[in-house]
Amino acid sequence: MAPECMTQKQYSEASDAFAYGVTLWEMITRQIPWKGMDAAQVIIAVTRKNTRLEVPADADPVLKKIIKAVWRENPEKRFVLHSHPLLSLSLSLSLSLSLSLSLSLSRSRPMRKC
């Protein structure tokens, strides 16, 4: 969740872009964001300390740039999905990656009944 959502409950395309960066981070790392921290700790880290999740050094350089661009502190300086061709390309790539990963996982694991 974007800092302005946490502190002021302001939601916008910029906050959606911030959340998209977290989703990309999850796809790259296959980890749970802010694991081991409670909600209050995450809010303090993101809003007061401007802390962001660590993007792996070996991550694709284009994805790293996108993540850093959408995680800017000032929402007005973040890239939003419709205004930047690189983000649109990233969205297409990440959806393809997500679909490929989902299909791969579904083939390697038996389906569970709910």
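General observations
- Residue 75 meets each of the listed conditions (1) under 21 Å from residue 93 (Cα atoms); (2) buried (at least 18 other Cβ atoms within 10 Å of the Cβ) apart from (1).
- Cβ pairs under 7 Å, 6+ apart, first in region 8-24 and assigned to a helix (DSSP H, G or I), second among the aromatic types (Phe, Trp, Tyr) and surrounded by 14 or more Cβ atoms within 10 Å (Cβ to Cβ): 17/79; 18/71; 21/71
- Residue list for region 57-71, filter: surrounded by 13 or more Cβ atoms within 10 Å (Cβ to Cβ), modelled with pLDDT of 90 or more and not in a helix (DSSP H, G or I): 71
For every residue, the table says whether it meets (1) under 14 Å from residue 68 (Cβ atoms); (2) buried (at least 17 other Cβ atoms within 10 Å of the Cβ); (3) among the acidic types (Asp, Glu); (4) over 16 Å from the mean Cα position of the chain (by Cα).
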| position | (1), (2), (3), (4) |
| --- | --- |
| 4 | no, yes, yes, no |
| 14 | no, yes, no, no |
| 17 | yes, yes, no, no |
| 25 | yes, yes, no, no |
| 52 | yes, yes, no, no |
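The values are calculated or read from the model by the stated rules, or taken from the named source; none is laboratory data. A quick note: this is a predicted structure, and the numbers were derived from the prediction, not measured. Methodologically, a virtual Cβ is constructed for each residue, glycine included, from the backbone with ideal geometry; neighbour enumeration extends over all protein chains shown.
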